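Notes for the one structure printed next.
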Amino acid sequence: MPRFAKIAPWTLPLLSGALGGLAQANETGAFLSFFALVPLFFFWHYAPSPFSALIGGWSAASIALAIETTWLFELLPIPWMPAVSDVSAAIFMLFAWSLTSFSVGAPFALVSVLAYKAIQRNIRWWPLFALALWIAAEYASSWIPAALWVGAETSIHPITFGNIGYALANFPALLSLSRWGSIYILSSTLFAVNWFVFLIYRRFLGQPRKATLAVLATAVAISLIPSLPGPSSSSHQGQLAPTTIALVSSNIPSWAEATQTDKQIIKENLGLALAKLARENVDAVIFPESAHVLNLFDKTFLESLFKNGRTIIIDNSVVRDPRAEGSLRSRLFAYEPASGNVVASWDKSFLFFGGEYPPLLLTSWARFFGFNEVLRRYAATSYSPGEGNERPVPIGSHFAAISLCTQSWAPQFFLNQTRMGADLLINLSSDALFHGAKFYLWERLLMLKVRAAENGAYLLHAANGSSSLVIDPTGKILESVEARERFSYAYKVITLPAK
């Protein structure tokens, strides 16, 4: 038994969890993903008991997710709960963060126990067994937040935060593998690389000098992976004309935090931006989530600006739910401003707990502390989910799958629409509520890159409070546009090749 296993076996899963969390913190940390599982593999070999293996596996996964989701605290102060003190909001956020991390780690506890037992019984194919269990655990864990934060308006979708494969989003040669099995093939690849590193180190265990040299050589080899070329994103030009799109970025406060004066400035600046956009000869104008174009301007005003009959505006607006008094719906509109015709519309079917609907745990917490007035206000600004009837929208020579913010976290959303004929992916988001949280923006970027690569399609991301992006089918960022000044709008006209 190696010395480290005798002295501090519990440091191994803790180290593994820390490396796994930091691997998705930024581009530099991504290299840690190639070593993050190695301490856990050693722990499986030297854990003193099955119970120890269970606790170790659980803690490793929980720590990794806790690090990855520290951006939740950037929501403070919580604008949709104005009557709650900052201290109460912070305590609840701490409770929500720790409970979610702890719960999502549960499936990996079972993986750890079964892998430990397979090793104890000298099952030679235990890595394949453990790999299958790991992927199953990732899939199972993606459903836990939806079950944990159930509420009256819950719409059940998986949330793939925490999947280790997202760390490969900036390695083009490996990211291309996602076409063969979504995010889960990336996680499988990373698991296999970690096992290979584990074998190398274990081969020289007891020989510190050789082990160090072996690990350094492996690190050098891994460092060359980003330079490996990914597949080409070029596509042949057909008889159809290319599609031109004005991709908009905005820098406005969230509506929950905006004052009446803020909203008046937003409307004035948006009107100026619309006047400029109307002069562009484009197939579509894509606004970020919460642009509220149809909430702020009537169709007569838009018709007076836009004369190009083929231009489609992609916009997200808030509408009252006629079936539930006081409830709202987050509605996606694709419409022709020159004629007023609505090409497509649907309500967001995947709502994010806390920000878009009150989960049972939150309402129970509020009632316990007597925040009844807060609950009343909260319910008045909550959303009801749509029916899940999203369909690809024709834009130029493409058919676009359009998602609202967190819908891009679930691989199934774009995958289902790709099967219906979509060849262009669009995501609208508003990041103002996260107050510039770098962890959140980075992890969301990893997801968007994987969504583009696994569907082999261009992805256009229109954002408020961060940069709007054009991502090609290999996961490479081709264009970026940012509205730097507060209350401002910016856009860039891009051209996509015809399909």
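Tell me the residue from Pro77, Pro48 that is over 30 Å from Lys438 (Cα atoms), in the same structural domain as Tyr139 (by TED's automatic domain parsing) and not in a helix (DSSP H, G or I), please.
From the options Pro77, Pro48, the qualifying one is Pro48.
Any residue in region 467-479 that is of a type in the set (Asp, Glu) and touching a strand residue (DSSP E or B) at 6+ places or on another chain (Cβ under 8 Å)?
Yes, region 467-479 contains at least one residue that is of a type in the set (Asp, Glu) and touching a strand residue (DSSP E or B) at 6+ places or on another chain (Cβ under 8 Å).
For residues that are surrounded by fewer than 22 Cβ atoms within 10 Å (Cβ to Cβ) and either of a type in the set (Phe, Trp, Tyr) or not in a helix (DSSP H, G or I) (or both), scanning just region 284-305, find the one that is nearest to the chain's Cα centre (by Cα).
His292
Could you figure out which of (1) among the aliphatic types (A, V, I, L, M); (2) more than 19 Å from Leu186 (Cβ to Cβ); (3) surrounded by 20 or more Cβ atoms within 10 Å (Cβ to Cβ) isn't true of Ala36?
All conditions are met except number (2).
Does Tyr440 meet the test of being at pLDDT below 85, among the hydroxyl-bearing types (Ser, Thr, Tyr) and closer than 24 Å to Phe92 by Cα?
No: the conditions fail for Tyr440.
Would you check which residues across region 120-153 are touching a strand residue (DSSP E or B) at 6+ places or on another chain (Cβ under 9 Å) and hydrophobic (A, V, I, L, M, F, W, C) and list them?
Ala146, Leu148, Trp149, Val150, Ala152, listed by residue number.
Take the residues in region 401-426 that are free of Cβ contacts under 8 Å to residues at least 60 places away in the same chain, aliphatic (A, V, I, L, M) and under 17 Å from Ile286 (Cα atoms), then tell me which one is surrounded by the most Cβ atoms within 10 Å (Cβ to Cβ).
This residue is Ala401.
Mind checking which residues of region 85-121 are within 23 Å of the chain's Cα centre (by Cα) and not in a helix (DSSP H, G or I)?
The answer is Gly105, and nothing else.
The rows are residues; the columns are (1) surrounded by fewer than 21 Cβ atoms within 10 Å (Cβ to Cβ); (2) among the hydroxyl-bearing types (Ser, Thr, Tyr); (3) farther than 23 Å from Cys405 by Cα.
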{"residue": "Phe92", "(1), (2), (3)": "yes, no, yes"}
{"residue": "Phe102", "(1), (2), (3)": "yes, no, yes"}
{"residue": "Ile183", "(1), (2), (3)": "no, no, no"}
{"residue": "Ser188", "(1), (2), (3)": "yes, yes, yes"}
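Hey, among Leu274, Leu247, Leu270, which residue is crowded, with 16+ Cβ neighbours inside 10 Å, closer than 29 Å to Ser382 by Cβ and touching a Phe, Trp or Tyr at 6+ places or on another chain (Cβ under 9 Å)?
Testing whether each residue is crowded, with 16+ Cβ neighbours inside 10 Å, closer than 29 Å to Ser382 by Cβ and touching a Phe, Trp or Tyr at 6+ places or on another chain (Cβ under 9 Å) leaves just Leu270.
Looking only at residues that are of a type in the set (A, V, I, L, M), under 18 Å from Ile314 (Cα atoms) and surrounded by fewer than 24 Cβ atoms within 10 Å (Cβ to Cβ) in region 427-480, which one is nearest to the chain's Cα centre (by Cα)?
Once the filter is applied, the top-ranked residue is Leu469.
When both residues are 6+ apart or on different chains and their Cβ atoms are under 8 Å apart, which pairs have a first residue that lies in region 56-74 and is modelled with pLDDT under 95, and a second that is charged (D, E, K, R)?
Close Cβ pairs (under 8 Å, with a partner that is charged (D, E, K, R)) amount to Glu68/Glu443; Trp71/Lys438; Trp71/Glu443.
Name the residue, out of Arg209, Arg124, Arg179, that is modelled with pLDDT of 75 or more and in a helix (DSSP H, G or I).
Arg179
Collect the residues in region 1-29 that are closer than 23 Å to Asn163 by Cα, at pLDDT below 85 and in a helix (DSSP H, G or I), keeping them in residue-number order.
Thr28, Gly29
The values are calculated or read from the model by the stated rules, or taken from the named source; none is laboratory data. All values reported here derive from a predicted model rather than from experimental measurement. When we count neighbours, we look across all protein chains shown, and the Cβ atoms used for this are built from the backbone with ideal geometry, even at glycine.
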